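Worksheet: one structure, shown below.
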Amino acid sequence: MNRRTFLKLAAMSFAAMMTGCKTEESLRVKFLRQIVTKDISTSRLIMWQIDKPMKNPAVEVKFGNTTKIFPAHDATFVDDGKKIIQYAAQIKFGDEFRIFDGDEVTAWHALKNFSGDKCKAIIFPDSQCGKSYNTWGDVARSAFERNPDANFFVNVGDLVDNGADISQWEDWLTQIDDFMPQIPFAPVMGNHETYSLDWQVRQPVAYLNYFETPGNSSKDFPRRFYSFDVGAAHFAVLDSQWAELGSEIIDVQKNWLREDFASTDKPWKIIFIHKDVLQYRINGRPERREGFADVGEIFMPEFESLGADVVFTAHLHTYRNRGRLKNFHDDDAGTLYILTGLSGNVRYDGLWINHALDKFVAPQPETDNYLTLEFDEKILSVKCFLPNGELIDETTLQKT
């Protein structure tokens, strides 16, 4: 450690000592959020937005009767003509955390621990909305309030309708501002994250900057795909936007996924990817045939050869349970495929004609929904709920 770093950390430790005596919240930050790290049982990434630059941004974490300081880095970016001033810090898992800058501090926020060997996730499908994200907020709040024991949550892509519109991102974040400081988030990129204000394809600037996901060692596609561990499960989050952003990422992800799955000894292997694996017939378009989408043709053999237990998809704004598939057919030894539905207000009523591989279709006309994923070393359960908490579908897998 060089002298400059030593002095900076010493100053921060002194500031933390001083803030420990402070009882009032004096620092106002926006969109405080936890992002998953490689293993959320040992670390978290804390991000926040603020109106003006901070001098010495850091996160203070309580470990029993002691505290530790984790310096933050500047994560400011510009998009939609706006400068978003924000910071991020990776912390070790403790009891509570708060943000501070000199003698200004935020309130303390609890860090959720794991109870026993059971883990739970809340899974949200496309939250894409039109003018207002109130629908997304209603669905999300219902899910969080009914599942206070959830360890993390996922959104399976198309978080917003237009990825370059910062007002949509701020509305999306505002709707769940009470919950994001409490529970780690695992984002999945959708095609709508790649659109410019004039609906042309571009890099997903806001998505990649709002959520600093774990690294993937790719120089060309940083944070476009990643993996993380929670309890007895290993999760891989993939990017299905090669039609928008270029097909070079396909082979890169294939190679990465093989290495990634080979390096884990977790009992459960679970994948999230935005676009769906099946192709549906469409009402009024007789030329469109039932079959498999390019995501399915390209990646289903990979998923199955690597032993993926569950694949969650989105994109079509309808909930469908396909059961377990292998070699493009029903197979009780195969991978479970779940098309997750929608948690926003963009609906495709009556558009899709049921696929022969659909085992369960949500009640029509389709409304919003969310899912829970619960697992320990032996049992994994996926449940789908309507916003009012009504259970409409459930699947359980068991390890022998």
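The values are calculated or read from the model by the stated rules, or taken from the named source; none is laboratory data. What you see is a predicted model, and the numbers here were worked out from it, not measured in a lab. Every residue, glycine among them, receives a Cβ derived from its backbone with ideal geometry; neighbour counts consider all protein chains shown. SASA here: full protein model, heavy atoms, side chains in, ligands and nucleic acids out. Shrake-Rupley method; radii C 1.70, N 1.55, O 1.52, S 1.80 Å.
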### Task
For residue 93, list long-range residues whose amide hydrogen, built 1.01 Å from N in the peptide plane, is under 5 Å from its own amide hydrogen.
43, 44
### Task
Whole Å is fine, so just give me how far the alpha carbon centre of the range 32-99 lies from that of the range 171-194.
16
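Classify the range 32-169 as rounded, prolate or oblate from the Cα gyration tensor: take a ≥ b ≥ c as the square roots of its eigenvalues, call it rounded if a/c is under 1.5, otherwise prolate when a/b beats b/c and oblate if not. Write down the numbers at each step before the final one.
Details: a/c = 2.22, a/b = 1.13, b/c = 1.97.
In terms of gyration-tensor shape, oblate.
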### Query
Per residue, how much accessible area does the chain have with a 1.4 Å probe, in Å²?
42
### Task
Under a cut-off of 29 Å between alpha-carbon atoms, report the lysines in cross-link reach of residue 219, not counting same-chain residues fewer than 8 places apart.
38, 82, 83, 92, 254, 266, 269, 275
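Does the chain come out rounded, prolate or oblate, given a ≥ b ≥ c as the square roots of the eigenvalues of its C-alpha gyration tensor, rounded meaning a/c under 1.5 and, failing that, prolate meaning a/b above b/c? Mind showing how you got there, number by number?
Numbers: a/c = 1.80, a/b = 1.61, b/c = 1.12.
It is prolate, given that a/c is not under 1.5 and a/b is the larger ratio.
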### Percentage relative contact order, the range 313-379, counting C-alpha pairs under 8 Å, at least six apart
35
### Summary
Within the under-12-Å Cβ sphere about residue 348, not counting residue 348, Lys/Arg +1 and Asp/Glu -1 give a net charge of -2
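Extension gain residue 247-residue 134, at 0.36 nm per residue separation less the Cα-Cα distance, in nm?
37.2 nm
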### Percent RCO, i.e. relative contact order, over the chain, from Cα pairs under 8 Å lying at least 6 residues apart
14
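Can you tell me which of 343-352, 122-131 comes out highest on packing, and rank the rest after it, using the mean Cβ neighbours within 10 Å? All intermediate terms of the calculation are to be shown ahead of the outcome.
Details: 343-352: 17.4, 122-131: 24.0.
Sorting 343-352, 122-131 by mean packing, highest first, produces 122-131, 343-352.
Within the range 271-342, list the trypsin sites (Lys or Arg not before Pro) lying in a DSSP loop whose Cβ has at most 10 other Cβ atoms in a 10 Å radius. Display every interim value, and only then the final one.
Working: sites: 275, 281, 288, 289, 320, 322, 324, 326; in loops: 275, 288, 289.
Here the sparse-neighbourhood loop sites are 289.
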